[in-house]
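Report on one structure; see the data block that follows.
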Amino acid sequence: MARTFHIVTFGCRTNQADSGALREEFLSRGYREQVEPRADVVVVNSCTVTQRSDQQVRQMVRRLRRSNPGAKLIVTGCYAQRDPEALSNIEGVDAVVGNSHKSEIVSIAAKKSIDPLGVSEVTRVFRDPFDLSLRTDRGAVAKGRQRTRPFVKVQDGCDAHCTYCIIPEVRGPSRSVPPDQLVEQVRDLTRKGFQEIVLTGIHIGTYGRYMDPPLTFHSLLKKLLEIERLQRLRISSIEPMELSRKVIHLVAASEGRIAPHFHICLQSGCDQILKRMLRPYKTARFRSLIEEIREVLPEAGIGTDVIGGFPGESDQDHQDSLEFVKQMPLTYIHVFPYSDRPGTVASTMDDKVDGVTVRHRCAQFRTISESKNLEFRTRQLGRKVPALTLSDFWRGQRVALTDNYLKALVDPKIPGNKLVRLRARVGPEGYLSLT
């Protein structure tokens, strides 16, 4: 009987794409996937973007070990890259493998006995894992058993070094997947019947920067649009300094083949805090991008990220940030409380904001997000909205995702992975109803 595996994934879409590639490798080696974690090999693909992420990973690892004492338990991902010793000290962890050696996980899993930090070659390079001369990546595709929107990783790594962020240390420098490889991956997914494909990466706007000759994310999108069977691409989060107006206008001209949805990472609506964060733009840049999107794509979904309580953020800085976000025609906001990450510049700053104030400021941003999302959903009522039916159900109705990134409910008889165009009506608890 074939050995079985189960993968638990935390964090971003890039991590999900990495897990998808790992899943395909296990399957190619003759393993059988288990939906439940009672498997011969259990892999936890971790996130380390906040202290809470670390805590959730540790809790999951302990829970998996209790529920499946006979499994070979391997932890990988960004937390494993940042602090392998902390994870290896959890009782029952068989191996800790950083991002730099994810491609070796299946081989490590096949070993009869492994030390808690994987293999000796892995442990020696945890602290300096990425060769700066390498500017290409092998890519990854997440298309799990229940997924109707596969994630294709076009780029990995980051060169920005924002003062609060540990990701450059755990993901390495920016590097891109060769365009011909991406075209083949996307073409293969369209042949298999997928209707929407999500392009993801850590800094997708830097795509192709270090290739010879250099390419751009805009040129990649144009190349992918040449695939005849391709129905819809969706762009995951992108930085304000990396989103070109050419990309905005290409989305507008694509007639729905690129979803009218932009997630542009703001982090703060106060220029003084952006400077402390080492974010290489000002709020004026963000404002001009949003205004241009609204001009050419009036019904586009526009989301952002905001960090509340960054070190040195005064009451006035926070109010300035709140006021700026209120003015922006956003459709949702992902709100993160500032979280110290050892090894970052911000973690050494003395003027930290106390936890109660951080939580209060984040709550204010979330209230704005809820109000803006309700306003945007209300504006869709009566429109015929394009949507993709998903594999999820809610209270007996099938869940769908509109092209402008709203959750909706449709007739459960409509199969998943189907593009529909239905009229939007009032739905329950944050959903639209499409009929």
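Each value in this text was obtained by applying a stated rule to the coordinates, not by laboratory testing. Fair warning: this is a prediction, and the values are worked out from it, not measured in the lab. Here the Cβ is made from the backbone with ideal geometry for all residues, glycine too, and neighbour counts use every protein chain on show.
Descriptive notes on the structure:
- Checklist (1) touching a helix residue (DSSP H, G or I) at 6+ places or on another chain (Cβ under 7 Å); (2) surrounded by 21 or more Cβ atoms within 10 Å (Cβ to Cβ); (3) within 18 Å of residue 371 (Cα to Cα) applied to residue 322, failing item: (2)
- Among the residues listed as 302, 333, the single one being touching a helix residue (DSSP H, G or I) at 6+ places or on another chain (Cβ under 7 Å), part of a strand (DSSP E or B), under 26 Å from residue 220 (Cβ atoms) and among the aliphatic types (A, V, I, L, M): 302
- From 220, 233, 199, 215, residue being of a type outside the set (Val, Ile, Thr) and part of a helix (DSSP H, G or I): 220
- Test result for residue 346, crowded, with 20+ Cβ neighbours inside 10 Å, among the aliphatic types (A, V, I, L, M) and either farther than 30 Å from residue 380 by Cα or without any contact (Cβ under 8 Å) to a residue 24 or more places away in the chain (or both): yes
- Residue in region 180-191 that is more than 20 Å from residue 257 (Cβ to Cβ) and in a loop (DSSP other than H, G, I, E, B) present: no
- Being farther than 16 Å from residue 166 by Cα and touching a residue at least 12 places away in the same chain (Cβ under 8 Å) is true of residue 75.
- Condition check for residue 357 on (1) assigned to a helix (DSSP H, G or I); (2) out of contact with any Asp or Glu (no Cβ under 9 Å at 6 or more places or on another chain); (3) not small (Gly, Ala, Ser): one failure, at (2).
- Only one of the numbered conditions (1) on the phi > 0 side of the Ramachandran plot; (2) assigned to a helix (DSSP H, G or I) is not met by residue 312, and that is (2).
- Restricting attention to region 326-357, the residues that are under 22 Å from the mean Cα position of the chain (by Cα) and closer than 24 Å to residue 284 by Cβ add up to 8.
- Among (1) within 22 Å of the chain's Cα centre (by Cα); (2) touching a residue at least 40 places away in the same chain (Cβ under 8 Å); (3) surrounded by 15 or more Cβ atoms within 10 Å (Cβ to Cβ), the one test that residue 280 misses: (3)
- Only one entry of 216, 206, 190 meets the criterion of being polar (S, T, N, Q) and buried (at least 22 other Cβ atoms within 10 Å of the Cβ), and that entry is 206.
- Selected residue [surrounded by fewer than 22 Cβ atoms within 10 Å (Cβ to Cβ) and over 19 Å from residue 4 (Cα atoms)] from 54, 40, 83, 94: 83
- Test: residue in region 367-387 that is farther than 30 Å from residue 307 by Cβ and surrounded by 20 or more Cβ atoms within 10 Å (Cβ to Cβ): yes
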